[in-house]
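The values are calculated or read from the model by the stated rules, or taken from the named source; none is laboratory data. Given the structure is predicted, the values throughout are model-derived calculations rather than measurements. Every residue, glycine as well, gets a Cβ built from its backbone with ideal geometry; the counts of neighbours run over all protein chains shown.
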Amino acid sequence: MTYKYTAQLTLATVLSQLINVQQDNRIIQDLMARFPTLPALLDATEDELRAVSGIGVVKARQIISALDMARSICLRATFPSIVRSARDIFNHLRVEMQYLPKEHFVVVGLDNKIRTLFWEVVAVGSLDAAIIHPREAFRPVLNRNSGAVIFVHNHPSGDPTPSKEDIEITKRLRQAGEILDVRVIDHIIVGFETYCSLAEQGHL
């Protein structure tokens, strides 16, 4: 099953929870045609939703409110107190990150016992050398006196396979961590319902 096909099934499931399937199946089909991905639906305005036949002001606002609430819940969710594996981080961030239309680079600060202290988005866009500089990546870590860190970013394609650039960035971040005396635990790539740990692959 491809990432695209699985994502479409998830989008259909989300829409079926917001709209009466028995009465309005055509509306769901029209919405999926106009907004083929969940990121596209999340970014839809009230006017864009109302442009779909059968969706009025009330239904458009219900859809937007439900999606906003889901986003808010994801953001408020609490990290596990102790990180035991890359999956712990993935399970917390996947709902928030796997649907993002652009790459987001997240810093997860930890203490020396690998307990989570905070997480923060430090960059958005293509993760090349111009966007992710160790100075920016480690700034929140140093400001909050974190002894260790896990870096996370998403692949909008849904495929978490690391690129050459991902591996190079990981190497640079590890080297910077050694200089700054901050332990780099992992660099995790979030895909659609799956992830890749650069540490597990031997790059850290």
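If you scan the stretch 165-187, which residues turn out to be of a type in the set (Val, Ile, Thr) and touching a Lys or Arg at 6+ places or on another chain (Cβ under 9 Å)?
184
Any idea which of 175, 98 is closer than 20 Å to residue 193 by Cβ and of a type in the set (S, T, N, Q)?
98
Does residue 161 fit the bill of being within 22 Å of residue 85 (Cβ to Cβ), loosely packed, with under 13 Cβ neighbours inside 10 Å and either at pLDDT 95 or above or of a type outside the set (Gly, Ala, Ser) (or both)?
Judged against the criteria, residue 161 is a match.
Against the condition at pLDDT 70 or above, outside the structural domain of residue 186 (by TED's automatic domain parsing) and of a type outside the set (D, E, K, R), how does residue 60 come out, does it pass?
In short, yes.
Which members of the stretch 38-68 meet the condition of being surrounded by fewer than 16 Cβ atoms within 10 Å (Cβ to Cβ), over 24 Å from the mean Cα position of the chain (by Cα) and outside any helix (DSSP H, G or I)?
51, 53, 54, 56
For every residue, the table says whether it meets (1) closer than 22 Å to residue 81 by Cβ; (2) under 20 Å from the mean Cα position of the chain (by Cα).
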{"residue": "116", "(1), (2)": "yes, yes"}
{"residue": "146", "(1), (2)": "yes, no"}
{"residue": "149", "(1), (2)": "yes, yes"}
{"residue": "156", "(1), (2)": "no, yes"}
{"residue": "168", "(1), (2)": "no, no"}
{"residue": "172", "(1), (2)": "no, no"}
{"residue": "179", "(1), (2)": "no, no"}
{"residue": "187", "(1), (2)": "yes, yes"}
{"residue": "195", "(1), (2)": "yes, yes"}
